[in-house]
Structure formats: structure tokens, C-alpha cells
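Undergrad: Have a look at the structure that comes next, please.
The values are calculated or read from the model by the stated rules, or taken from the named source; none is laboratory data. Because the structure is predicted, anything quoted here is derived from the model rather than measured. Methodologically, a virtual Cβ is constructed for each residue, glycine included, from the backbone with ideal geometry; neighbour enumeration extends over all protein chains shown. For accessibility, only protein heavy atoms count, side chains too; no ligands or nucleic acids. Shrake-Rupley method; radii C 1.70, N 1.55, O 1.52, S 1.80 Å.
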Amino acid sequence: MSDEQIRNSIRCQIPNCNNVALGMFRGKWVCGICLLKFESKIRQEQNKFLDIVEKEISEENENK
């Protein structure tokens, strides 16, 4: 089996996705589309968290 055949036989391990895997993310083989979705969701959650922390800091500063 050639390297290309091996690469093309590794499939994304995210449920309901059967695309060819691009690399590993958190110990699972994932395709590029799923990797982009992960990164987008992580960014959204990170922004929500930072907004919450910023609000808490602002409220703490008001109470001084």
C-alpha cells in the first residue's frame, strides 16, 4: 500500500463525518472541515468567557 493510499484510507473520527482525515485533534483523526468547526467553536467560547471575566473585573472596579 502506498503512502497516498494510506493517507486516503484514514477517515475522520467525528460521528457522522466520513471525510479523509487531515490530522489529529485531541487524539482523534479529523478532516479539515471538522477542524475548522472545532477552532471556530473554541474561539466563540473563548470570547464568551473573556466577556464574562471582563464584566466581572469591571464590576469589581466599580465596587472599590
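Undergrad: Show the residue pairs that are 6+ apart or on different chains and have beta-carbon atoms under 8 Å apart, the first residue being within the stretch 1-26 and among the aromatic types (F, W, Y), the second being surrounded by 13 or more Cβ atoms within 10 Å (Cβ to Cβ).
TA: Every condition considered, the pairs that remain are F25/C34; F25/L35; F25/F38.
Undergrad: Right, next: Restricting to the stretch 20-64, what's the tally of residues that are out of contact with any Phe, Trp or Tyr (no Cβ under 9 Å at 6 or more places or on another chain), open to solvent by 70 Å² or more (accessible area, probe 1.4 Å) and part of a loop (DSSP other than H, G, I, E, B)?
TA: 2
Undergrad: Say we look at the stretch 1-19 and pick out the residues that are surrounded by 10 or more Cβ atoms within 10 Å (Cβ to Cβ) and charged (D, E, K, R); which of these is nearest to the chain's Cα centre (by Cα)?
TA: R11
Undergrad: Also, I was wondering about something else. Scan the stretch 37-52 and report the pairs whose first residue is under 25 Å from M24 (Cβ atoms) and whose second residue is open to solvent by less than 90 Å² (accessible area, probe 1.4 Å) and not in a helix (DSSP H, G or I), with Cβ atoms within less than 7 Å and a gap of 6+ or a chain change.
TA: Listed by first residue and then by second, the contacts come to F38/F25.
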